[in-house]
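Accompanying notes for the structure given below.
Only the coordinates and a few stated rules stand behind these numbers; no lab work does. Here the structure is a predicted model, which is why all the values come from computation and not from measurement. In this analysis, Cβ positions are derived from the backbone assuming ideal geometry, glycine residues included, and neighbour counts consider all displayed protein chains.
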Amino acid sequence: MADDFPEPPENGTRLRLVRDVLDSQMVDRKQCQSGKVDGIVAELRDDGRLVITAIENGLPEAVRRVSPRVGDWIAALGRRWGVRKGEVYRIPFARVRNTGIDVRIDLDAAATPLLAWERWLREHVVRRIPGAG
Amino acid sequence: MKAGKVLQVALGVLTSIGGFLDVGAIATAADAGASFRFELLWVVLVGTICVIFLVEMAGRLAAVSKHSYADAVRERFGFQFYVWPILAEFVVDFLVLGAEIGGVCIALQLLTGVAFQWWAIPVALAIWLTAWLGTFDFIENSVALLGLVTLAFVAGAVVLHPPWGEVAKGFIPSGAPHEPAHYWFIAVSIMGALISPYLLYFYSSGAIEDGWGEKDLTMNRLVAGVGMGFGSLVQMGVLMTAAMVLAPHGIRVDQYGQIALTLVGPFGEWGYYLFAVSLGITCFGACMEQALETGFIVSQALGWNWGESKRPVEAARFTMAYTLSIAASTLLMVVGIDPLKLTLFSMALTAVMLPLVVTPLLVIMNDRHYLGEHTNGWLANGVVGLIIGLTFVMALVAIPLEYLGG
């Protein structure tokens, strides 16, 4: 974990999930922009508590919030032709910190499907064009 | 102010002049002057005041929060809302970039006599190469310096000794002297060309590219005010030369070749070439901005790493986004769609989508989460409120007016 990664909030801290987490910019340990928070996962436990377990990233999940059917179509297209295979990537909420406007995630995005398209385009297309650096 | 700072402000102002004028601004202003002489100058003035306020806010948001306008709209209003303005912006960007590429192609047609369609692919390649190899600073500054050639329109207007009394009267809002549908159609198109959503997205992204912070707020105000003011002066120059050269001969603007006559009046044969060069440079600059803006908004909507100052391998999705955008819009010119008609149609369509783009600004600019102590005051909020009201009216009347008077 990077030294400057924020400590978890104190017990009892109020979190405005929709305002401060959903749709926020995710920034990883290396300060890399790693996508937006497209969904939030909650689990209903046996004792009746609703526990926030993860945040999600993936275009199908964002689009499902507008139209579940179109979101499913995009996921199906992704499974067939996509680099991420239509996968919606989940990040455990324990690795998430809300810091002001952005959401910090305690992982290296380059090693996850979050940057799969970036890697694929870089290796298969961009790097092959002269002047790409 | 220190010398370095003065230079930075001067460069910012120059950039605004270059960035202000595009194919839409030239076409709508020429149409206005040719059809109604100086009567529509007031619309340029009102539009410029609106743009100064909007651009200042977009710059302030980016400087303080380090987030662009596109970022903030998705974050505050959610994907369910943001998907609509962004889809609308894609459509408009696709058409406007096509029109701007068309502007460069027409300039080359005027200079060489070779039909504009043949220039579409070479022009697209030149735009893409500049974006691929250039940095944000290089593009911004070269567009700014080359864009100074458009001051020829201001010089042309002065050389023609305009009737200043009539010009002054043009700044007072008046009703249509004749053909009301056409009058109001041009008025809405001028506003659509001026209050263009891409300016908000591009300017705030540019402020982040340039690394602006709270210390740059004064510069932001100067660049927005003086830069946009000068830019509008050039647009007024186009309108005035059209009013003095085209209107007396009853020439209506339905081809770019006719707009070229505006500079032939004051400068003779050289004016023709000066017009072609001005149109080409202006539209080339606007193409760069429009293509990059498409890359910016896609990247920011989906939270990708982005930046024209990054090497292509460092922002592969961003570079692919602008590459695809240039390729798609080029097709519009390859198939031979008339650039002037496409321009005027795009400006009216821009007017339709404006409320979706501008309304969130009122909320975001009052959000302390983003702006801290730099939230809007009552004056800025009042002006944004008025602009939003204006955009709703424009959105309602744009298409009917296009049908009746376009």
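Values as computed for the structure displayed
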read-out: For chain B: relative contact order, % (alpha-carbon pairs under 8 angstrom, 6 or more apart); value: 36
read-out: Full-extension gain in nm, B:Glu269 to B:Leu396, via 0.36 nm per residue minus C-alpha separation; value: 41.4 nm
read-out: Euclidean distance between Cα centres, the stretch A:14-76 to the stretch B:165-237, Å; value: 39
read-out: Other protein chain Cβ atoms within 10 Å, averaged over every residue that makes up B:79-89; value: 3
read-out: Chain A: angle of helix A:68-81 to the longest principal axis, Cα-based, in degrees nearest 10; value: 40
read-out: Most to least packed among A:33-46, B:59-72, B:36-49 [average Cβ atoms within 10 Å]; value: B:59-72, B:36-49, A:33-46
read-out: Rounded if a/c under 1.5, otherwise prolate or oblate - the protein assembly as shown, Cα gyration tensor axes; value: prolate
read-out: Under 19 Å from A:Lys85, Cα to Cα: aspartates and glutamates that are on another chain or at least 8 residues apart; value: A:Asp38, A:Glu56, A:Glu61, A:Asp72, A:Glu118, A:Glu123
read-out: Relative contact order of chain A, pairs being alpha-carbon contacts under 8 Å that are 6 or more residues apart, as %; value: 25
read-out: Net lengthening on full extension, B:Thr218/B:Ala327 (0.36 nm per residue, minus Cα-Cα); value: 35.4 nm
read-out: Footprinting exposure proxy for B:Val298, A:Val88, B:Val55, A:Val125 (fewest neighbouring C-beta atoms within 10 Å first); value: A:Val125, A:Val88, B:Val298, B:Val55
read-out: Shielding of B:308-318 by partner chains, average beta-carbon count, 10 Å; value: 5
read-out: Kyte-Doolittle at least 1.6, axis length at least 20 Å by Cα - qualifying DSSP helices, chain B; value: B:41-65, B:339-364, B:378-405
read-out: At R0 = 30 Å, FRET efficiency that the Cβ-Cβ distance of A:Gln31 and B:Trp84 yields, to 0.05; value: 0.45
read-out: Cβ-derived FRET efficiency at R0 30 Å, A:Arg127 paired with A:Ala94, nearest 0.05; value: 0.25
read-out: Student exercise, chain B dipole from Lys, Arg, Asp, Glu Cβ charges, in Debye to nearest 20; value: 380
read-out: Ranked by how many other beta carbons lie within 10 Å on average, peptides B:361-369, B:320-328 from highest; value: B:320-328, B:361-369
read-out: Helical contribution to [θ] at 222 nm, DSSP H n ≥ 4, -39,500 (n - 2.57), averaged over chain B, rounded to 500; value: -27000 deg cm²/dmol
read-out: Nitroxide proxy distance, nm - points 7 Å out along Cα→Cβ at B:Ala181 and A:Phe5; value: 6.5
read-out: Modelled FRET efficiency - R0 30 Å, B:Val158 with B:Tyr403, Cβ distances, 0.05 increments; value: 0.20
